[in-house]
Structure formats: C-alpha cells, structure tokens
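Novice: Sharing a structure with you now.
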Amino acid sequence: MQFPMEILNPKYNLFLLMLFSLIMMMEPILATDPLSYALLSLKSEFIDNTNTLNDWYLPSDFKPSTQIYACSWTGVKCSQNSSKITTLDLSMKNLGGSLSGKQFNLFVDLVELNLSHNSFSGQLPVGIFNLTSLKTLDISRNNFSGIFPSGIFNLQNLVVLDAFSNSFSGPLPGDVSRIESLKNLNFAGSYFSGPIPADYGNFRAIEFIHLAGNFLSGNIPSELGNLKTLSHMEIGYNSYEGEIPWHFGNMSDLVYLDIADANISGSIPKEFSNLTKLESLFLFRNQINGKIPWEISKILTLKSLDLSDNLLSGQIPESFSELKNLRLLSLMYNDLSGPVPQGIAKLPQLDTLLIWNNYFTGSLPEDLGRFSRLKHLDVSTNYFVGNIPSDICVGGELQKLILFSNNFTGGLFPSISNCSSLVRLRLEDNSFSGEISLQFGNLPHISYVDLSRNRFTGGISSDVDQAYELQYFNVSYNSKLGGILPMKLWSLPNLQNFSMVSCGVSANIPPFENCKSVSVIELRLNNLSGDIPKSVSNCKHLLIMDLANNNLTGSIPAELASSSSLRLLNVSYNDISGSIPSNRAFKTMDRSAFFGNPKLCGAPLRPCRRENDISNGLELGSRRAQKLAWVLILCAVIVLFIMAAVFGIVYFKRGSNGQWKMVVFNGLPQFTAKDVLRSFDYVETLPDSIGKVVLPTGITVSAKKIEWGPKEMKVMLESLTRIGNARHENLTRLLGICYNNRLAYLLYDYLPNGNLAEKIGMRRDWETKCKILIGVARALCFLHHDCYPAIPHGNLKASNIIFDENMEPHLAEYGLSSIVGSSNSPLPAKIRKETDQIPKLPLFLLLNRKIYRFQSINIIYLDRRISNIHKRELYKDVYNFGELILEVLTNGRLANASEITQHAQREDLIKEGANENDIVLSRSFQEDVRSAIEVALQCTRSRPSDRPSMQEALKLLSGLKSVTNGMARKA
C-alpha cells in the first residue's frame, strides 16, 4: 500500500495533530451557548430582591444546541430562528446594582437595550458602546452617576437615547451629536452642568431634545436654530444667562418649545412668528421683560401659550384674537396692564385663561364664555370692575371661577346661579352685592365656595344642603347678609370648613344630625341665640368651633368631653353658664376662649362653687355685708391712688413715646394696654428675645419687643395685623400687639415644651421626625400659598420651631424678619441708588402694594424690585427648610447643609439617617429616607428658581410611606 509522500513527512503529521486538537477544543465552546452564559454573568451583578429573573438559569440536564437557550427568559427577545438576541428589556423589574459591562461585547446583534425604571447605580458601563447594532438605548429612571462616558458616537445606528432621571454630573456629552441617525435625545433630570454644547446644532435627523431639570448654565447656543428637523425641545429648569437666541425662529418644524424656569432675560424674539407649526410655547418663570410681541399672533397653530411669572409689561396685543386654536393663555404674575381685548372672548377653543396678579383694569370682555367652552378662569388680584359676564358659563364646562381681590360689583344672577359644572368659586374681597343667588341644587360638583368680604344680603339659600360635594364654604364679613343657618347644613357629607363670621346671622344653631366630616365652624360676631346643640358631639372630626361674640345661652354640652378631635371651642362673650367639661382637651384650651361669660366656671377658669357654699353665703347677714362694703371702698381708694401714681410715673418716663395702644386678635381677651403693661416690672428693659409673661387674668403669653419709628409704625402695624389674622394649627398665634410710637410688644401663645434646637440631639423614631417635618411644611405652605400676598418666614431655623403640650410643632416668629429687619435699612444699596429721590419704602410695603401703584412710574418700578426681593425671601424659606430636613434627619449632625449637600452622596446620607435612627435598612425605610433627602437636595439647590415651592415640597413629603401608614393607623 502506498501513501503520499507528504503523510510520511513528520512536519505534516504535526500540523494535522494540532488541527485536530484545535477542533476538539472549539467544539465544547461553540456548544456551550456563550450568550446565555453572558446573561447569567450579567445577572450575577444585579440586585434582584424580588427575584423577578427567576427563570434565568440553565437546567442541570442542559444540552447545547444551535439555538440560544436564553431566548425563553424574561425580557429576552431573539430572531425568528433563536440564533440571535435582538432585544433585552429589563424595564421595571425592580433591579439594582452596579454594572461592569464586560458582557456586552458579545451581543453584536442587539438592537434594543432597555434598563429603565430600576435602581442601577454607579458609572454607566463603557461596554454598552460596543453594541454597534443598537437602535434604542433606554437607561431612564435609574441612579447612574458620574460623568457620562465618552464613546457613544460608536453607536452609529442609534435612533433613541433616553437617559432621563439619573444622577449624571459634569458636562453634557458632545460626541453624541456625531450620531447622524439619532432622532430622540433625553438627558433631562440629572445634574449635568456647564453650557449646552454648540455641537448640538449639528444633529442631522433629531426630532426630540429634552435637557430640562439639570444645572446647565451659560448662554443658550444660537446653533440650535439650525435644527430644521426638530419638533420637540425642552431645555427649561436650568440656569442660563442672556436671552433666547432669535435663531430659534429658524426651527421650522418645531411643534413644542419649553424654556420655563431657566433664568433667561431680555425680550421674546419676534422671529418666533416664523414657527408656523408651533403648538405649545412655555416661557414661564423667567426674567423676560418688555412687551408681548404682536407677531406671536402669526403662529396660527398655537394651542398653549404660558408666559407667566415674568416681568412683561404693556397690554395684551389686540391681534391675539387671530389665535383661533388657542386653548391655554397664561399671563399671570407679570406687570401687564390695560383692559383685556374683547377679541380674547371670541377665541373658539379657549378653555383656560389665567391672568391673575397683574394690573389689568376695566371690565372683563362681555362675550367671555359665549364662544368657547371655558373651563378655568382666574383673574384675581387685579383692578377689574363691573359685573361678571352674563355668558361666562354658557359653554357648560366652567369648573374654576377665580375673581378674588378686584373691584367687581353687581350680583351672581344670571351669570353663575345655574352653572352646573362649577367646582371651585372664589369671589372674596370684591364689592358684589344683592342676594347669593346660587341654586345649589343645580351645582352637583361644587366643592369650594368663598364669597367673603363682599356686600351680599338675604342670607344663605336653604338648598345649600343639596351641594353634596361641598367641602369649604365661607361667606364671612358680609355684614348685612343676615338670615339664619339652614336646618340641614351640617348633614352635608363632605363639608369640612364653614365660616360665617360677622354676617348679622340670627336665630338658633341648627342640630348637628349626620355631621360626618365637619372640622372647622366659625360663627363669631353674629346674633346667634339659644343653646349649643348637644348633638354637636356627632361631629367626630370637629377641630375648631368659634362661637364668640354672640347671644348664646345654656351650658357647654357635656357630650363634648368625649371628643378626641376638638382643639378649640371659643364661646367667649356670650351668656354661657354652668361648668366647663373637665376632659384634657378643655383644660389645655386658652382661658380667653371662655371669657365674657360671668356664669361659666371650671378649668381653665375659676373653680365652680358647691351648692352648700352658696347657701352658707346667703346666711352671713347684713352686718357682714356692711363691713365688706367698707373694705371694698377702702380698697378702691387705695387702688385709685396707686393707679394715679403709676400713671404719673409712666407719663413722666414715656411722654415722648406717645400713648400706649392695644390691638387684640382672636384668642386673647379684650385687654387694654394698661393691663398688659402692668404685667411687666420694667417695660423698657424687657429683653429682645421672647420671654414668658403672665397677664392680669392669669393667662400666660410669650412677649417679644420690637422697636420702630413713628414714620414706619402705621404700615408695620398693618403688616403685623395680617400676621395676627393668620391662623393655622402649626403656627404660634400672634394674640395681640401693645405699642406706642417707639416700640411694641408682640404677644404670642405660650408653648411650654421648648424648641427644636434644644431637642435636636434627641433620638426620635422616623415617624416622629416625619411628623415634625410635615408640620413645619404645612405651616410654611399656608404662609406661602394660602396668605395673599404670601408671608415669608424669613428666619426659619430649629430654634423657631416650638412644641406645645402634645409635642406638636409650631412655627414661631414668621414674617418678622422682613418687617423688623427692614425698618432701618429699607432697601439694598443697589436699589436705593437706582431709585434716587424716591421715598424710602421698606420691604414690608409690598404687602400693601396696591396703595402705591398709581403714584408714579418710579414707584411702580420700585414695587417690582421689592416684589423680587419678596420672591427671594420665599426661596430662602424653601432653602432653609431643606437644611432643616437634613438637620432633623441626622439629629443635628448635618447642621450646615449648604456645604454638605454639594458633596455628600445620597447613599452616605441614607446610611447616616439609618444610623441616627437605629433602624435596619429595610427597602421601605430606604425609599422614605431617600425621598426625604431628595426633597432636601431639591430645596437647597443653588439657583433659587430651581427649588420646589413649599406646596410641592409638602406634597412630596406627604407621600412618604411612613406618613401615609401613620395616618392610616390613626384613622
């Protein structure tokens, strides 16, 4: 047998042996399904507490095949023959951990990678950029951090890049603009800083750009105007410099543009008129000035226009009547003036018109509501006059009608008396008159009605008990309203707050049958008579019942002693008799709530006498009565002598300071200035800090001394009066002011349990800390959003949070810093220089800005600058609240949040919070602490307008599981 000579060659034999060995080695590798093993390696890096990937495993009897075994796993999609993995969708799988990315170089056929809505953290793995077939990359709603890595331009097939809501920092990646196929780019909601790269104007196919909610700065690049294919751009909620580039008018396909809350200034570019496809334009909360360009009316496609909270002046252009597709027009919080053009009323699609807090005058357009289905109208805090347009509700969809703080006149009929769609009606602080002609039986959705401070007459309609959704009803300070309280008033199933103060109401209080949800009843300063119905005990949620200054008789119902919710029952200055119920709630009420009832006794008033004591007293005889009369006369003479001496001394010492006067607010008896002054041993030497003072009747208050000059006294007193009328369960009440031309004593509730600064180092459970923070947030939210104009605290810190006998937090010294602190230095030097020869108006004059509105152009300019200072004070409150969150969370260890929050990592702060609370890091607790820290970091952002409002901060904190669970347990 012959063999080829090559076989006999030893070198050839060696080659065959090596080739055979290589084939034998490759066979198991090819057969072991490398992509499945790569996914298992990836899974090993995940934190999967809920075991959502429980089907990611290879069975013990796994036999390799040409098909990829992982194609059947959760989130994995393959080609039709299962030979390629094309999609990996792990969105919303509750996964966490830090990814190495070493596995990704094997997935050369992957088209879509979705890791969104998880808790991945750490650096974004560079290995992702080896997925060169990728068209969609979604890593949104995670916690990836650090600088976004370079190299993403390798993904030349990428169409969608979504990195929304992470923790990236540093500059925006510039090389992403080199991806010619990219259509959707989302880098919003992180901590990117620096300017928007000018290269972002080089995208070839981009349709969607979202960069909002970062720390971007610098000028907005004009190169963005080159994006001819762009239809949607959101770049607001950053802190830019300069103006909006006029080049934006070249983005011919733009449909949606949002540059809100971005610190931009200058005027609105007229070139926007070239954006013939634009439907939504949002430029609110900036520093844009000048007039609204009439050229905007050329954008006939416009549906939503929001220019609110800027410095715009002038009038609404008449040409806006051409915007036939406009649905939303928001111009609130500017310096606009003049009448509202009649053409606005003829826009057929208009459903929301918000123009509050401007200087508009004249009447509302008479056709408003006739040609469109108006849903929300807010024109409050302007100078409008005249009647409510008669067809305001003819469209049948009006839900919110907000007209407060104007000079409207006339009645409610026929414009809104049958407006069945109404949900919220606010007409307070106007000059409306006539009967309250609301037909409540035809208002099935009405939940909020405020008609206070008008001139209504004729009482409340008896069919108010048919407003089944009514929660808040206020007709206070309509002095000639009169009438009686409807019999079935308290049976309204959702009614929470009913206020009818100083309305001339007579007759009896109707019985409280089926009183399910009422928490506040205010009926003081009326002519009510009869007894307090015993059925008031049916009101299981009643917190406050104010019946002061009426003609009520009988006793306080003993059934109220069992109430667990009642905080205040004010029956002062009636003819109530008998004893005060002896439960704890009544003992902790202020004595002033029971004054003016000579026949009333029991704690906190004088003890009640027994019957045998009274009968013994009647048997004393006339001789003892005569002796007693002589003793009383002698005492009276001595008292008169002492009073004359004291008056002489006081007059001698204080003659130059003017006469002492007294202002009393709700909650304090009608003391005179002399009553208060007698409680001070040395008035002039009372310390500036708050001190404890016992008044003549035994009531204990806290007193604070402030100084002022005769020129500032009147306006400062008006501002203090606003503070004195502010009432909230988490505010310390200002009860009265005792003052002369040089100084004043502010009298507050005395709360016995000290302040937060004294107790900041105490160990508290997490729910207690939440309770403190929620209480402070509610108080600030009330001051910022429920007071008109808003009242900034100005000096929020732990020492100004005081605890009552139930350890409930109360905010103290609110509003004082802007009043007292500004009396000596009216305005910053820069403003004073700009307004030379303008009267020195202190900061607190912004609370009375309407008074000075029309004095001169300079005064108007100054008013605007003061308003900006006022806004900065509100922002300062939010910042201080953020610091307070961290201080409470860490028991005072993080007292200087302004430095710490810039460098501390969230996870470190979460661990810090856990250590300070001695709580195991459960997932629920982590989420709560992480959410609280997130609120703190948002509140302490360096740019004021990036911070949330107190309303938003309260909403975020109220969503903590510890809070909601605690409320559920209490319920």
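Novice: Just to be sure I understand, how many residues within segment 584-605 are at pLDDT below 85, assigned to a loop (DSSP other than H, G, I, E, B) and surrounded by fewer than 16 Cβ atoms within 10 Å (Cβ to Cβ)?
Specialist: Residues in segment 584-605 being at pLDDT below 85, assigned to a loop (DSSP other than H, G, I, E, B) and surrounded by fewer than 16 Cβ atoms within 10 Å (Cβ to Cβ): 1 in total.
Novice: Scan segment 485-492 and tell me whether some residue there is buried (at least 19 other Cβ atoms within 10 Å of the Cβ) and in contact with a Gly (Cβ under 7 Å, 6 or more places away or on another chain).
Specialist: Within segment 485-492, not a single residue is buried (at least 19 other Cβ atoms within 10 Å of the Cβ) and in contact with a Gly (Cβ under 7 Å, 6 or more places away or on another chain).
Novice: If I filter segment 76-87 for residues that are in a strand (DSSP E or B), under 23 Å from S165 (Cβ atoms), in contact (Cβ under 8 Å) with a residue 12 or more places away in the chain and polar (S, T, N, Q), do I get at least one hit? If you could, list the steps in order and put the result at the bottom.
Specialist: Going through segment 76-87, the residues in a strand (DSSP E or B) turn out to be 76-78, 85-87.
After this cut, where a residue has to be under 23 Å from S165 (Cβ atoms) as well, the list is 87.
With the extra rule that they be in contact (Cβ under 8 Å) with a residue 12 or more places away in the chain, the set shrinks to 87.
Cutting the leftovers down to polar (S, T, N, Q) gives us 87.
Yes.
Novice: If I filter segment 351-373 down to residues being within 31 Å of the chain's Cα centre (by Cα) and on the phi > 0 side of the Ramachandran plot, which single residue comes out as surrounded by the most Cβ atoms within 10 Å (Cβ to Cβ)?
Specialist: G369
Novice: Which residue, of S193, S169, S181, S177, is in a helix (DSSP H, G or I) and either touching a His at 6+ places or on another chain (Cβ under 6 Å) or of a type in the set (G, A, S) (or both)?
Specialist: After ruling out the rest, the residue left standing is S177.
Novice: Ok, one more. Looking at (1) modelled with pLDDT of 95 or more; (2) within 27 Å of the chain's Cα centre (by Cα); (3) under 27 Å from N274 (Cβ atoms), find the lone condition where P348 falls short.
Specialist: That leaves (2) as the condition not met.
Novice: Within the set of pairs 6 or more residues apart or between chains, which connect a residue that is over 12 Å from I152 (Cβ atoms) inside segment 163-182 to a residue that is among the β-branched types (V, I, T) and part of a helix (DSSP H, G or I) with Cβ atoms less than 7 Å apart?
Specialist: none
Novice: Do you know which residues across segment 651-684 are of a type in the set (A, V, I, L, M, F, W, C) and either modelled with pLDDT of 50 or more or under 30 Å from L605 (Cα atoms) (or both)?
Specialist: W660, M662, V663, V664, F665, L668, F671, A673, V676, L677, F680, V683 - these are the residues of segment 651-684 that are of a type in the set (A, V, I, L, M, F, W, C) and either modelled with pLDDT of 50 or more or under 30 Å from L605 (Cα atoms) (or both).
Novice: Answer yes if at least one residue in segment 323-343 is surrounded by fewer than 18 Cβ atoms within 10 Å (Cβ to Cβ), within 29 Å of S437 (Cβ to Cβ) and not small (G, A, S), and no otherwise.
Specialist: The answer is yes, given that some residue of segment 323-343 is surrounded by fewer than 18 Cβ atoms within 10 Å (Cβ to Cβ), within 29 Å of S437 (Cβ to Cβ) and not small (G, A, S).
Novice: Could you pull out the residue among I699, I723 that is modelled with pLDDT under 80, surrounded by 18 or more Cβ atoms within 10 Å (Cβ to Cβ) and under 30 Å from L773 (Cα atoms)?
Specialist: Values: I723 fails: modelled with pLDDT under 80.
None of the others qualify; the one that does is I699.
Novice: Inside segment 396-440, can you point out the residues that are of a type in the set (S, T, Y) and assigned to a strand (DSSP E or B)?
Specialist: In the first step, residues of segment 396-440 are kept if they are of a type in the set (S, T, Y); the result is 405, 409, 415, 417, 420-421, 431, 433, 437.
If the condition is that a residue be of a type in the set (S, T, Y) and assigned to a strand (DSSP E or B), then S433 is the only one that fits.
Novice: For V518, state whether it is crowded, with 17+ Cβ neighbours inside 10 Å and touching a helix residue (DSSP H, G or I) at 6+ places or on another chain (Cβ under 7 Å).
Specialist: yes
Novice: On to the next question. Failed condition for Y191, given (1) farther than 14 Å from F215 by Cβ; (2) modelled with pLDDT under 95, with all others met?
Specialist: Of (1) farther than 14 Å from F215 by Cβ; (2) modelled with pLDDT under 95, only one is false for Y191: (1).
Novice: Give me the pairs: first residue in segment 245-258 and surrounded by fewer than 17 Cβ atoms within 10 Å (Cβ to Cβ), second residue of a type in the set (S, T, N, Q) and not in a helix (DSSP H, G or I), beta-carbon distance under 8 Å, and six or more apart or on different chains, which are they?
Specialist: Note: pairs meeting the criteria are S252/T276; D253/T229; D253/S231.
Novice: Take P511 and decide whether it is over 33 Å from the mean Cα position of the chain (by Cα), crowded, with 16+ Cβ neighbours inside 10 Å, over 19 Å from K587 (Cβ atoms) and not assigned by TED's automatic domain parsing to the domain that holds Q670.
Specialist: Judged against the criteria, P511 is a match.
Novice: When both residues are 6+ apart or on different chains and their Cβ atoms are under 7 Å apart, which pairs have a first residue that lies in segment 944-959 and is assigned by TED's automatic domain parsing to the domain that holds I774, and a second that is modelled with pLDDT of 85 or more and outside any helix (DSSP H, G or I)?
Specialist: S945/D261; S945/N263; S945/R285; D946/Y237; D946/S239
Novice: Sticking with this structure for a sec: Before we move on, is E469 modelled with pLDDT under 95, under 25 Å from the mean Cα position of the chain (by Cα) and surrounded by 19 or more Cβ atoms within 10 Å (Cβ to Cβ)?
Specialist: No, not satisfied.
Novice: Now for a different question. Within segment 526-578, how many residues turn out to be aliphatic (A, V, I, L, M) and not in a loop (DSSP other than H, G, I, E, B)?
Specialist: 9
Novice: Considering segment 299-322 alone, what residues qualify as being part of a loop (DSSP other than H, G, I, E, B), crowded, with 19+ Cβ neighbours inside 10 Å and out of contact with any Lys or Arg (no Cβ under 6 Å at 6 or more places or on another chain)?
Specialist: I299, L302, L307, S308, N310, I316
Novice: In segment 279-298, what residues are closer than 18 Å to T352 by Cβ, more than 23 Å from the chain's Cα centre (by Cα) and among the aliphatic types (A, V, I, L, M)?
Specialist: Within segment 279-298, L281, I292, I296 qualify.
The values are calculated or read from the model by the stated rules, or taken from the named source; none is laboratory data. Worth saying up front: this structure is predicted, and the values here are computed from it rather than measured. Neighbour counts run over all protein chains shown; Cβ positions are idealised from the backbone, glycine included.
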